[in-house]
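See structure below.
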Amino acid sequence: MKALLVSTYDLGHQPLHVASPAAALRRAGHDVRCRDLSVQEWEESDVEWADGVAFSVPMHTAMRLALEAVNRIQRSRPDIPICLYGLYAHIDDGAGRGPAVDTVSGEYERGLLEWARSVSDGEPVASHGQVVDLGRQQFHAPIREGLPGLEHYSQLAIGGERRLAGYVEASHGCAHRCGHCPVPAVYDGKVRVVGEDVVLRDIANLASMGARHITFGDPDFLNAPRHSLRVVRSMHERFPELTFDCTTKVEHILRHESIWPEMADAGCLFVVSALECMNDEILARLDKGHTARDARRAVELLRLHGIEPRPSFLPFTPWSDFQDVFDILDFVGENDLVDNVDPIQYTIRLLVPHGSLLLRDPAFRALLGDFDAERLTYTWRSADRRLDDLQRRLLEIAERAAQTDAPLPETFTEMGEAVVDAADDASLAGSLEMVSVGVERNTPRLTEPWFC
């Protein structure tokens with residue numbers, strides 16, 4: 001068949017989840033075109049060419065944008081087979097999908113190949129067919145030549161320069177079951193590794209394309225620590241000039257304390273970790289597996305070895321109050337993390353899609369409103385409605401700062417003042433004066449700030 005693979009958004013990275021299935025489909029004899037709508041214009045001629053269209057949906061925003069594109073395609077070609085594949089493929093639970101749209105979640109390549117075979121053979125494609133495959137699969141090195149070059153994507157900003165960056169994954173899934181995370185809703189505690197040889201061939205290809213930094217985008221790079229360390233060691237041996245970053249939980253940072261000297265020596269510049277908040281009760285509700293004290297220890301441990309922490313946060317949940325939001329800012333200031341946190345992180349609001357593990361709790365469900373089919377989340381409001389207004393105000397500040405490239409300390413201070421003003425709490429104002437925002441240190445980061 002003539003297969004059009006489409007990415008709508010992948011956090012600023014060249015979309016691995018187009019490049020990888022492109023390789024699988026071509027090995028199976030299919031003709032493949034790739035398009036990334038985050039950096040390329042939509043081409044109607046691609047849809048006219050295709051026998052079927054498959055959308056990569058590895059995250060919430062990608063799914064929302066993909067559904068918009070699906071509606072557009074179906075207006076011009078109502079009978080064309082369409083497939084949504086990836087982590088978020090199932091989350092709308094049928095809401096908003098038109099006819100002949102199939103979904104493949106989890107380890108999607110086998111299901112995507114079967115979908116392509118059915119289209120190629122002229123077999124009827126089941127309307128609303130849904131597949132969640134967690135079986136082990138054999139992957140092949142991604143084919144990236146059909147995508148825009150790395151210069152069109154997020155780059156490493158370090159020491160006043162920009163370096164091309166590549167994105168790979170050494171594993172899928174997660175061994176943990178954090179309640180608000182979309183990964184366990186699909187993988188249910190399972191981890192599937194990508195062969196070391198496949199990852200290294202992909203890294204070699206990225207290096208040949210000019211990459212000088214690699215992002216390991218696994219949901220948690222230390223779910224399979226021995227495998228991950230083998231990949232890092234082999235990469236450093238073959239490409240000693242490459243630097244890298246990875247994502248892992250606070251508890252893994254602490255549990256695997258002994259690996260960080262080697263990780264630093266191999267080129268690890270920073271580690272993304274979901275601290276979420278400083279309220280231990282909320283952390284327990286989310287089943288995060290760490291406390292606020294653990295978060296402080298993790299920051300100290302990474303820095304002891306010259307690795308910068310880049311925290312992500314979840315300030316706004318149905319249980320949060322003004323003190324919780326302020327405590328995040330206070331933690332960032334006290335731990336000299338102002339330059340390590342993208343302002344968007346102070347604005348993140350809990351999403352509750354279909355399948356969220358949080359929905360298993362009747363007490364939590366009682367806090368929710370209706371399902372918003374456009375935003376693909378159940379609605380909820382804060383007990384104190386001023387918090388909802390504050391979240392919108394902080395989002396305005398973050399978006400303006402991104403547009404104007406405002407200094408991080410300046411934006412941090414403005415956000416702190418917004419929290420104090422919204423809370424109308426003199427004690428918070430007094431605390432704010434004790435927070436040292438320091439000066440911008442230009443810690444290493446990727447130029448796409450919208451990770452969460």
**OP:** Rank ILE307, VAL325, ASN340 by how far each Cα sits towards the positive end of the charge dipole of the range 296-341 (+1 on Lys, Arg Cβ; -1 on Asp, Glu Cβ) and give me just the farthest.
**Re:** ILE307
**OP:** Starting from the Cα of LYS249, draw a straight line to each of the lysines and keep only those under 29 Å, dropping any in the same chain fewer than 8 residues away.
**Re:** LYS190, LYS288
Subject >> Dipole of the chain [Lys/Arg +1, Asp/Glu -1 at C-beta], most positive-end residue of PHE55, GLY160, ALA141 >> reply: ALA141
**OP:** Please calculate the 1.4 Å probe accessible area of THR243, with all protein chains present, and give it to the nearest 10 Å².
**Re:** 20 Å²
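Keeping all protein chains in place and using 1.4 angstrom, which order do ASP424, ASP294 fall into by accessible surface area, from largest down?
Result, largest first: ASP424, ASP294.
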**OP:** Give, rounded to the nearest 20 debye, the magnitude of the charge dipole that the range 264-359 has about its Cα centre when Lys and Arg contribute +1 at Cβ and Asp and Glu contribute -1 at Cβ.
**Re:** 260 debye
**OP:** Within the range 212-308, list the GluC sites (Glu not before Pro) lying in a DSSP loop whose Cβ has at most 16 other Cβ atoms in a 10 Å radius.
**Re:** GLU241
Original post:
Which chymotrypsin sites (Phe, Trp or Tyr not before Pro) from the range 1-54 combine a DSSP loop assignment with at most 14 other Cβ atoms within 10 Å?
Top reply: TRP42
Original post:
How large is the charge dipole for the chain, taken about the Cα centre, if only the Cβ atoms of Lys, Arg (+1) and Asp, Glu (-1) carry charge, to the nearest 20 debye?
Top reply: 1280 debye
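With n ≥ 4 as the cut-off for DSSP H runs, can you work out [θ] at 222 nm for the chain, using -39500 (n - 2.57) per run divided by the number of residues, rounded to the nearest 500?
Details: 16 runs with 171 residues, N = 452.
So the helix-based figure for the chain works out to -11500 deg cm²/dmol.
Considering only protein heavy atoms, what per residue accessible area in square angstrom results for the range 260-372 with a 1.4 angstrom probe? Can you show the working numbers first?
Values: 4020 Å² over 113 residues.
Ligands and nucleic acids excluded, the figure is 36 Å² per residue.
So in the chain, what percent of DSSP beta bridges are antiparallel if you round to the nearest 5?
On the way: 12 of 54 bridges.
That works out to approximately 20 percent antiparallel.
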Original post:
Which is the longest run of the chain containing none of the trypsin sites (Lys or Arg not before Pro) found in DSSP loop states (not H, G, I, E, B) with at most 16 other C-beta atoms within 10 Å?
Top reply: 178-374
Subject >> Nonlocal amide H pairs with ASP36, under 5 Å, H built at 1.01 Å >> reply: SER7
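The values are calculated or read from the model by the stated rules, or taken from the named source; none is laboratory data. Bear in mind the structure is a predicted one, so any value in this text is a computation, not a measurement. Positions of Cβ are generated from backbone atoms using ideal geometry, with glycine treated the same way; all protein chains shown enter the neighbour counts. Side chains are part of the model used for accessible areas, which takes the heavy atoms of the whole protein and leaves out ligands, DNA and RNA. Shrake-Rupley method; radii C 1.70, N 1.55, O 1.52, S 1.80 Å.
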